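S.K.: Let me begin by handing over the structure; questions about it come next.
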Amino acid sequence: MNEQITVYSNLLSNLTDALRIFGAFVIIAETIYLLYQSKHSFLRETFVNLTSGIIAVITQMFVKAYIIFDLHLNVYNNFSFFNMGVHWYTFVIGFFMFTFIQYAAHYYNHKVRIFWCLHEVHHSATHMNATTGLRTSVFDIVSLDIFYLLMPLMGVHPIVYLLLYTLSKFWGTIIHVNEKILNKIPFLEKILTTPSNHHLHHARNPQYIDKNFGEVVPWYDMFFKTYVQEKETPLYGTSIVHNEISFWESQTHEFRRLHYDIKNTAGLKNKIKYCFMPPGWQPEEAIIEATPCFMETKKG
(Lines give C-alpha, C1' and ligand atoms only; values in the text may rest on other atoms or scores of the structure.)
Protein backbone atom coordinates (compact mmCIF):
# COMPACT_ATOMS: atom_id res chain seq x y z
CA MET A 1 0.00 0.00 0.00
CA ASN A 2 2.83 2.42 0.84
CA GLU A 3 4.37 1.86 -2.60
CA GLN A 4 0.99 2.56 -4.20
CA ILE A 5 0.63 5.79 -2.21
CA THR A 6 4.13 6.83 -3.29
CA VAL A 7 3.22 6.27 -6.94
CA TYR A 8 0.09 8.41 -6.60
CA SER A 9 1.99 11.08 -4.66
CA ASN A 10 4.54 11.35 -7.46
CA LEU A 11 1.70 11.45 -10.00
CA LEU A 12 0.01 14.22 -8.02
CA SER A 13 3.22 16.25 -7.83
CA ASN A 14 3.89 15.94 -11.56
CA LEU A 15 0.25 16.60 -12.46
CA THR A 16 0.11 19.69 -10.24
CA ASP A 17 3.23 21.15 -11.83
CA ALA A 18 2.00 20.42 -15.36
CA LEU A 19 -1.46 21.88 -14.76
CA ARG A 20 -0.05 25.01 -13.14
CA ILE A 21 2.13 25.63 -16.18
CA PHE A 22 -0.72 24.93 -18.58
CA GLY A 23 -3.13 27.08 -16.55
CA ALA A 24 -0.67 29.99 -16.62
CA PHE A 25 -0.30 29.53 -20.38
CA VAL A 26 -4.11 29.62 -20.83
CA ILE A 27 -4.39 32.85 -18.82
CA ILE A 28 -1.52 34.58 -20.65
CA ALA A 29 -2.61 33.43 -24.13
CA GLU A 30 -6.22 34.43 -23.51
CA THR A 31 -5.27 37.86 -22.18
CA ILE A 32 -3.09 38.53 -25.25
CA TYR A 33 -5.91 37.40 -27.55
CA LEU A 34 -8.53 39.57 -25.84
CA LEU A 35 -6.20 42.55 -25.88
CA TYR A 36 -5.66 42.04 -29.63
CA GLN A 37 -9.38 41.61 -30.28
CA SER A 38 -10.83 44.41 -28.18
CA LYS A 39 -7.86 46.70 -27.47
CA HIS A 40 -9.16 46.73 -23.91
CA SER A 41 -8.92 43.24 -22.43
CA PHE A 42 -10.87 44.29 -19.35
CA LEU A 43 -7.54 45.28 -17.81
CA ARG A 44 -8.91 46.84 -14.62
CA GLU A 45 -10.99 43.78 -13.82
CA THR A 46 -8.17 41.41 -14.79
CA PHE A 47 -5.94 43.29 -12.33
CA VAL A 48 -8.55 42.83 -9.58
CA ASN A 49 -8.88 39.13 -10.44
CA LEU A 50 -5.13 38.51 -10.30
CA THR A 51 -4.61 40.62 -7.18
CA SER A 52 -7.32 38.87 -5.20
CA GLY A 53 -6.10 35.47 -6.41
CA ILE A 54 -2.48 36.12 -5.40
CA ILE A 55 -3.41 37.53 -1.99
CA ALA A 56 -5.85 34.68 -1.34
CA VAL A 57 -3.17 32.09 -2.14
CA ILE A 58 -0.78 33.75 0.32
CA THR A 59 -3.35 34.21 3.12
CA GLN A 60 -4.86 30.76 2.75
CA MET A 61 -1.74 28.75 2.00
CA PHE A 62 -0.84 27.69 5.54
CA VAL A 63 -4.39 27.09 6.76
CA LYS A 64 -5.42 25.09 3.72
CA ALA A 65 -2.15 23.18 3.73
CA TYR A 66 -2.96 22.07 7.27
CA ILE A 67 -6.53 21.15 6.40
CA ILE A 68 -5.65 19.30 3.22
CA PHE A 69 -2.56 17.45 4.39
CA ASP A 70 -2.58 17.06 8.17
CA LEU A 71 -6.26 17.23 9.06
CA HIS A 72 -7.46 15.02 6.18
CA LEU A 73 -4.79 12.45 6.98
CA ASN A 74 -5.56 12.59 10.71
CA VAL A 75 -9.29 12.05 10.12
CA TYR A 76 -8.56 9.19 7.71
CA ASN A 77 -6.13 7.44 10.06
CA ASN A 78 -8.00 7.94 13.33
CA PHE A 79 -11.68 8.61 12.75
CA SER A 80 -12.76 7.04 9.44
CA PHE A 81 -15.70 4.64 9.51
CA PHE A 82 -14.16 2.61 6.68
CA ASN A 83 -10.76 2.23 5.08
CA MET A 84 -11.07 1.86 1.33
CA GLY A 85 -7.38 2.14 0.56
CA VAL A 86 -6.41 3.39 -2.89
CA HIS A 87 -8.04 1.42 -5.70
CA TRP A 88 -9.84 2.27 -8.94
CA TYR A 89 -13.21 2.14 -7.19
CA THR A 90 -11.94 4.54 -4.52
CA PHE A 91 -11.53 7.17 -7.21
CA VAL A 92 -15.06 6.50 -8.52
CA ILE A 93 -16.59 6.79 -5.04
CA GLY A 94 -14.36 9.77 -4.25
CA PHE A 95 -15.38 11.50 -7.48
CA PHE A 96 -19.09 11.27 -6.66
CA MET A 97 -18.49 12.42 -3.09
CA PHE A 98 -16.23 15.28 -4.13
CA THR A 99 -18.54 16.61 -6.82
CA PHE A 100 -21.63 16.36 -4.60
CA ILE A 101 -19.93 18.18 -1.71
CA GLN A 102 -18.74 20.81 -4.18
CA TYR A 103 -22.30 21.27 -5.45
CA ALA A 104 -23.75 21.50 -1.93
CA ALA A 105 -21.08 23.89 -0.67
CA HIS A 106 -21.53 26.10 -3.74
CA TYR A 107 -25.30 26.09 -3.23
CA TYR A 108 -24.99 27.24 0.38
CA ASN A 109 -22.47 29.90 -0.60
CA HIS A 110 -25.40 31.43 -2.46
CA LYS A 111 -28.09 30.73 0.11
CA VAL A 112 -26.42 31.80 3.38
CA ARG A 113 -25.74 35.50 3.40
CA ILE A 114 -22.51 35.51 5.42
CA PHE A 115 -21.06 33.01 2.95
CA TRP A 116 -22.45 35.02 0.05
CA CYS A 117 -20.50 38.05 1.32
CA LEU A 118 -17.37 35.98 0.69
CA HIS A 119 -18.46 34.23 -2.49
CA GLU A 120 -19.96 37.32 -4.12
CA VAL A 121 -16.42 38.59 -4.75
CA HIS A 122 -16.16 35.91 -7.42
CA HIS A 123 -19.50 36.90 -8.93
CA SER A 124 -18.75 40.62 -9.01
CA ALA A 125 -16.75 40.15 -12.22
CA THR A 126 -18.59 41.76 -15.13
CA HIS A 127 -16.54 40.08 -17.85
CA MET A 128 -15.63 36.45 -18.23
CA ASN A 129 -12.07 35.26 -18.71
CA ALA A 130 -9.71 32.69 -17.21
CA THR A 131 -8.51 35.08 -14.50
CA THR A 132 -12.08 35.21 -13.15
CA GLY A 133 -11.44 31.74 -11.74
CA LEU A 134 -8.77 33.31 -9.50
CA ARG A 135 -11.08 36.06 -8.24
CA THR A 136 -11.96 35.19 -4.65
CA SER A 137 -12.34 36.71 -1.21
CA VAL A 138 -9.10 37.24 0.67
CA PHE A 139 -11.11 36.69 3.89
CA ASP A 140 -12.30 33.22 2.87
CA ILE A 141 -9.78 31.25 4.89
CA VAL A 142 -11.72 28.00 5.35
CA SER A 143 -15.40 28.59 4.61
CA LEU A 144 -17.32 25.49 3.55
CA ASP A 145 -14.21 23.55 2.50
CA ILE A 146 -14.46 21.93 5.92
CA PHE A 147 -17.21 19.66 4.54
CA TYR A 148 -14.65 17.88 2.37
CA LEU A 149 -13.55 16.19 5.59
CA LEU A 150 -16.52 13.90 5.03
CA MET A 151 -14.38 12.17 2.41
CA PRO A 152 -11.63 10.85 4.73
CA LEU A 153 -14.29 10.25 7.38
CA MET A 154 -15.99 7.86 4.95
CA GLY A 155 -12.70 6.14 4.11
CA VAL A 156 -11.55 8.00 0.98
CA HIS A 157 -7.78 8.34 1.18
CA PRO A 158 -6.50 11.97 1.18
CA ILE A 159 -4.40 11.32 -1.93
CA VAL A 160 -7.66 10.68 -3.83
CA TYR A 161 -9.07 13.97 -2.58
CA LEU A 162 -5.89 15.82 -3.56
CA LEU A 163 -5.94 14.43 -7.11
CA LEU A 164 -9.60 15.34 -7.54
CA TYR A 165 -9.01 18.78 -6.00
CA THR A 166 -6.10 19.46 -8.37
CA LEU A 167 -8.07 18.42 -11.45
CA SER A 168 -11.14 20.42 -10.39
CA LYS A 169 -9.09 23.58 -9.85
CA PHE A 170 -7.61 23.25 -13.32
CA TRP A 171 -11.04 22.66 -14.86
CA GLY A 172 -12.22 25.70 -12.91
CA THR A 173 -9.82 27.80 -14.99
CA ILE A 174 -11.11 26.32 -18.24
CA ILE A 175 -14.81 26.94 -17.53
CA HIS A 176 -14.16 30.66 -17.01
CA VAL A 177 -12.48 31.14 -20.40
CA ASN A 178 -14.02 33.97 -22.41
CA GLU A 179 -16.91 33.00 -24.67
CA LYS A 180 -15.07 34.39 -27.71
CA ILE A 181 -12.50 31.64 -27.28
CA LEU A 182 -14.41 28.68 -25.87
CA ASN A 183 -18.10 28.37 -25.14
CA LYS A 184 -20.32 25.43 -26.05
CA ILE A 185 -18.85 21.94 -26.34
CA PRO A 186 -21.91 20.07 -27.67
CA PHE A 187 -20.91 16.50 -26.86
CA LEU A 188 -19.92 17.46 -23.28
CA GLU A 189 -22.75 19.84 -22.30
CA LYS A 190 -24.57 17.26 -20.15
CA ILE A 191 -21.53 15.24 -19.12
CA LEU A 192 -19.15 17.89 -17.80
CA THR A 193 -19.63 21.48 -16.74
CA THR A 194 -18.58 23.42 -19.82
CA PRO A 195 -17.72 27.13 -20.18
CA SER A 196 -21.16 27.90 -21.65
CA ASN A 197 -22.81 26.08 -18.75
CA HIS A 198 -20.79 27.91 -16.09
CA HIS A 199 -20.98 31.30 -17.79
CA LEU A 200 -24.72 31.27 -17.09
CA HIS A 201 -23.99 30.77 -13.40
CA HIS A 202 -22.20 34.14 -13.46
CA ALA A 203 -25.06 35.91 -15.22
CA ARG A 204 -27.44 38.40 -13.61
CA ASN A 205 -30.30 37.62 -16.01
CA PRO A 206 -33.22 36.61 -13.73
CA GLN A 207 -33.60 33.13 -15.26
CA TYR A 208 -29.92 32.32 -14.67
CA ILE A 209 -29.59 33.48 -11.04
CA ASP A 210 -28.75 30.64 -8.63
CA LYS A 211 -28.45 28.06 -11.40
CA ASN A 212 -25.72 25.67 -12.60
CA PHE A 213 -23.85 25.25 -9.31
CA GLY A 214 -21.80 22.28 -10.53
CA GLU A 215 -18.20 23.14 -11.29
CA VAL A 216 -17.17 19.73 -12.63
CA VAL A 217 -20.38 17.95 -13.62
CA PRO A 218 -23.95 19.22 -14.18
CA TRP A 219 -25.66 16.05 -12.90
CA TYR A 220 -26.68 17.37 -9.47
CA ASP A 221 -28.07 20.52 -11.06
CA MET A 222 -30.19 18.33 -13.30
CA PHE A 223 -31.35 16.19 -10.37
CA PHE A 224 -32.16 19.14 -8.07
CA LYS A 225 -33.63 21.21 -10.93
CA THR A 226 -31.05 23.99 -10.79
CA TYR A 227 -29.81 23.32 -14.32
CA VAL A 228 -30.46 25.76 -17.18
CA GLN A 229 -29.23 26.13 -20.73
CA GLU A 230 -28.66 29.38 -22.56
CA LYS A 231 -31.77 31.08 -23.94
CA GLU A 232 -30.50 34.64 -24.06
CA THR A 233 -27.05 36.21 -23.92
CA PRO A 234 -25.76 36.29 -20.32
CA LEU A 235 -25.08 39.64 -18.68
CA TYR A 236 -22.31 39.16 -16.14
CA GLY A 237 -22.20 40.55 -12.62
CA THR A 238 -24.85 40.57 -9.89
CA SER A 239 -28.10 42.38 -9.22
CA ILE A 240 -25.95 45.07 -7.56
CA VAL A 241 -22.77 45.02 -9.64
CA HIS A 242 -23.21 45.96 -13.30
CA ASN A 243 -19.85 47.64 -13.93
CA GLU A 244 -16.21 47.03 -13.03
CA ILE A 245 -15.36 47.80 -9.41
CA SER A 246 -12.08 48.19 -7.57
CA PHE A 247 -10.26 45.50 -5.64
CA TRP A 248 -11.27 46.86 -2.22
CA GLU A 249 -14.89 47.42 -3.23
CA SER A 250 -15.12 43.87 -4.53
CA GLN A 251 -13.83 42.53 -1.22
CA THR A 252 -15.94 44.63 1.16
CA HIS A 253 -19.15 46.01 -0.33
CA GLU A 254 -21.35 43.01 0.55
CA PHE A 255 -20.08 43.04 4.14
CA ARG A 256 -20.93 46.72 4.35
CA ARG A 257 -24.44 46.02 3.06
CA LEU A 258 -24.84 43.25 5.64
CA HIS A 259 -23.58 45.56 8.39
CA TYR A 260 -26.11 48.19 7.33
CA ASP A 261 -29.00 45.69 7.48
CA ILE A 262 -27.94 44.36 10.89
CA LYS A 263 -27.49 47.85 12.31
CA ASN A 264 -30.88 49.00 11.04
CA THR A 265 -33.02 46.08 12.22
CA ALA A 266 -34.51 45.60 15.68
CA GLY A 267 -34.07 42.50 17.80
CA LEU A 268 -31.12 40.17 18.24
CA LYS A 269 -32.97 37.32 16.50
CA ASN A 270 -33.42 39.34 13.33
CA LYS A 271 -29.82 40.55 13.42
CA ILE A 272 -28.59 36.95 13.59
CA LYS A 273 -31.03 35.84 10.88
CA TYR A 274 -29.65 38.47 8.52
CA CYS A 275 -26.33 36.57 8.64
CA PHE A 276 -27.76 33.14 7.92
CA MET A 277 -30.85 33.69 5.79
CA PRO A 278 -30.52 33.99 2.00
CA PRO A 279 -29.43 37.30 0.43
CA GLY A 280 -32.44 39.58 0.08
CA TRP A 281 -34.21 38.25 3.20
CA GLN A 282 -35.93 40.78 5.44
CA PRO A 283 -37.95 40.44 8.66
CA GLU A 284 -41.69 40.38 7.96
CA GLU A 285 -42.18 43.55 9.95
CA ALA A 286 -39.38 45.39 8.13
CA ILE A 287 -40.14 48.48 6.09
CA ILE A 288 -38.95 47.61 2.60
CA GLU A 289 -36.14 49.97 1.79
CA ALA A 290 -33.24 49.32 -0.54
CA THR A 291 -29.91 48.77 1.14
CA PRO A 292 -27.36 51.37 -0.05
CA CYS A 293 -24.93 50.12 -2.68
CA PHE A 294 -21.71 51.41 -1.04
CA MET A 295 -19.78 51.08 -4.29
CA GLU A 296 -17.72 53.17 -6.61
CA THR A 297 -18.30 51.91 -10.13
CA LYS A 298 -16.53 52.41 -13.41
CA LYS A 299 -18.51 51.87 -16.57
CA GLY A 300 -16.96 49.26 -18.84
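The values are calculated or read from the model by the stated rules, or taken from the named source; none is laboratory data. Every value quoted in this text rests on a predicted model; they were computed, and no experiment measured them. Cβ atoms come from the backbone with ideal geometry, glycine included; neighbour counts cover every protein chain shown. Heads up: the accessible areas ignore ligands, DNA and RNA and are worked out on the full protein's heavy atoms, side chains in. Shrake-Rupley method; radii C 1.70, N 1.55, O 1.52, S 1.80 Å.
S.K.: 222 nm [θ] for the chain, helices only, -39500 (n - 2.57) per DSSP H run of 4+, per residue, to 500? All intermediate terms of the calculation are to be shown ahead of the outcome.
M.R.: Working: 11 runs with 161 residues, N = 300.
Mean residue ellipticity at 222 nm (helix-derived): -17500 deg cm²/dmol.
S.K.: Averaged over every viewing direction, what's the projected area of the C-alpha convex hull for the stretch 5-134? Give it in nm², one decimal, please.
M.R.: The number I arrive at for the stretch 5-134 is 10.3 nm².
S.K.: Now for a different question. Calculate I(q)/I(0) for the stretch 191-230 by the Debye formula, one identical point scatterer on each C-alpha and no solvent, and give its log10 at q = 0.25, 0.32, 0.33 Å⁻¹ to two decimals.
M.R.: -0.73, -1.15, -1.20
S.K.: Based on the mean of other beta carbon atoms within 10 Å per residue, what is the order of 244-255, 220-231, most packed first? Could you put the intermediate results ahead of the total?
M.R.: Values: 244-255: 20.7, 220-231: 15.0.
Sorting 244-255, 220-231 by mean packing, highest first, produces 244-255, 220-231.
S.K.: Rounded to the nearest percent, how much of the accessible area of the stretch 125-213 (1.4 Å probe, protein heavy atoms only) is carbon and sulfur? Write out the running numbers ahead of the final one.
M.R.: On the way: 2160 of 3130 Å².
Reported share for carbon and sulfur atoms: 69 percent.
S.K.: Please report, in whole Å, how far the alpha carbons of the chain spread along each principal axis, starting with the longest.
M.R.: Principal axes ranked by extent give 62, 54, 37 Å for the Cα atoms.
S.K.: Mind checking the angle between helix 247-263 and the chain's longest principal axis? C-alpha axes, 0 to 90 degrees, to the nearest 10.
M.R.: 70
S.K.: Output the relative contact order of the chain, whole-number percent, from Cα pairs under 8 angstrom with separation of 6+ residues.
M.R.: Numbers: 403 pairs, mean separation 64.7, N = 300.
Relative contact order of the chain: 22 percent.
S.K.: Roll a 1.4 Å probe over the protein chains and send me the accessible area per residue for the stretch 166-206 in Å².
M.R.: Values: 1730 Å² over 41 residues.
Dividing the accessible area of the stretch 166-206 by its residue count gives 42 Å².
S.K.: Can you check how the C-alpha radius of gyration of the stretch 185-294 compares to 2.2 N^0.38 Å, as a plain ratio?
M.R.: My calculation over the Cα atoms of the stretch 185-294 gives 1.31.
S.K.: List the residues whose amide H sits under 5 Å from the amide H of Glu244, counting only those 5 or more places along or on another chain, with H placed 1.01 Å from N in the peptide plane.
M.R.: Amide H to amide H, under 5 Å and 5 or more residues apart or across chains, Glu244 pairs with Lys298, Gly300.
S.K.: So what's the projected area for the stretch 108-219, the Cα convex hull averaged over all directions, in nm²? Before the final figure, lay out the partial values.
M.R.: Details: hull surface 31.6 nm².
Quarter of the Cα hull surface area: 7.9 nm².
S.K.: Can you list residues from other chains, or at least 5 along the same chain, whose modelled amide H is less than 5 Å from the amide H of Met277?
M.R.: Arg113
S.K.: Too long at a 31 Å Cα-Cα cut-off: which of Lys190/Lys271; Lys184/Lys273; Lys64/Lys231; Lys180/Lys225; Lys169/Lys269; Lys169/Lys231? Working shown, then result.
M.R.: Numbers: Lys190/Lys271 41 Å; Lys184/Lys273 40 Å; Lys64/Lys231 39 Å; Lys180/Lys225 28 Å; Lys169/Lys269 38 Å; Lys169/Lys231 28 Å.
Pairs exceeding the cut-off: Lys190/Lys271; Lys184/Lys273; Lys64/Lys231; Lys169/Lys269.
S.K.: Give me the accessible area of Leu150, 1.4 Å probe, in Å² rounded to the nearest 10.
M.R.: The value for Leu150 is about 80 Å².
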